[in-house]
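Read the structure below first, then the notes.
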Amino acid sequence: MAELVTFKPSIPAKPDIFYPETDGEPMGETEFHVTAILDLFQSLRHFFRHDPDTYVAADMLFYFEEGNTSAFKVPDVFVVKGIPKTTRRTYKLWQEGKAPCVVFEMTSQSTWLEDMGNKRALYEKLGVPEYFLFDPEDAYLSPRLQGFQLADNFYRPVPLSAEGTLYSAELGLIFKPEGMYLRVVDPVSGELVPNLAEASHLMSLAEKLAQAEAKRAQAEAERADQAEAEAARLRAELERIKRQSGSEG
């Protein structure tokens, strides 16, 4: 009797899904927006430079629904806490396991309705704790800096301070409009967190100061050596005179 052979249907492998790394749109609508985005991004990167588990990104595709390549947004700047600070091409929510803790959008003529409407609703739904809007041109939002914090699954406006600043409880930082820029203020020192150009300048000044201090220390050491040599010469001359006086007596 022939052995009965059964065949199991093969299960096709799940095809890899390609998630595009760009939406084909420029970083910002105008030079105002590009400059404001980069300035904020650099300042936040500088502030968290020593924290290996705080990730700062700008103009990166943020995918929030696995398998749906059209389910994405491109936040101008966002910060995620509790994930490694590694280089990424895109941000996939289901892989990272964490939504951004703060999202920043630089509002423009073509984006302000989207920023206030669909994006706000989406970030609220995804559980992003804080959402900040800034108008670099001061033409589309009033006030030009606005913030929202998640409370009971809904965004509540964050009141501006008397100086027109907003405090981020998630980041422990103050955000302050200054011209076309949204500057970052360290509440501990009360000083502005430098952007890339300012950080480079500070580093250059620190290097020059270190060089000047090294030269000063070297000069002082040389003067000390000269003074010691002169003192030794005078002691030797004094001893010689004493010996000469004693022999004459």
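For region 130-152, filtering for residues that are hydroxyl-bearing (Ser, Thr, Tyr) and either in contact with a Gly (Cβ under 6 Å, 6 or more places away or on another chain) or modelled with pLDDT under 95 (or both) leaves 2. Within this structure, TYR19 passes the test of being over 30 Å from PRO143 (Cβ atoms), modelled with pLDDT under 95, among the hydroxyl-bearing types (Ser, Thr, Tyr) and surrounded by 12 or more Cβ atoms within 10 Å (Cβ to Cβ). Checked against the criterion of being charged (D, E, K, R), out of contact with any Phe, Trp or Tyr (no Cβ under 8 Å at 6 or more places or on another chain) and over 23 Å from THR22 (Cα atoms), region 115-132 contains one or more residues that satisfy it. Candidates LEU113, LEU122: the one that is over 28 Å from PRO194 (Cα atoms) and modelled with pLDDT under 95 is LEU113.
Every residue, every condition in (1) under 17 Å from LEU44 (Cα atoms); (2) in the same structural domain as GLY172 (by TED's automatic domain parsing); (3) in a loop (DSSP other than H, G, I, E, B), yes or no:
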| residue | (1), (2), (3) |
| --- | --- |
| GLU105 | yes, yes, no |
| LEU113 | no, yes, no |
| LYS119 | no, yes, no |
| LEU122 | no, yes, no |
| TYR140 | no, yes, yes |
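Applying the condition of being surrounded by 16 or more Cβ atoms within 10 Å (Cβ to Cβ) and basic (Lys, Arg) to region 41-84 and asking which residue is nearest to the chain's Cα centre (by Cα) yields ARG45.
The values are calculated or read from the model by the stated rules, or taken from the named source; none is laboratory data. These numbers come from a predicted model, not from an experiment. Note that we place each Cβ from the backbone using ideal geometry, even for glycine, and neighbour counts take in every protein chain shown.
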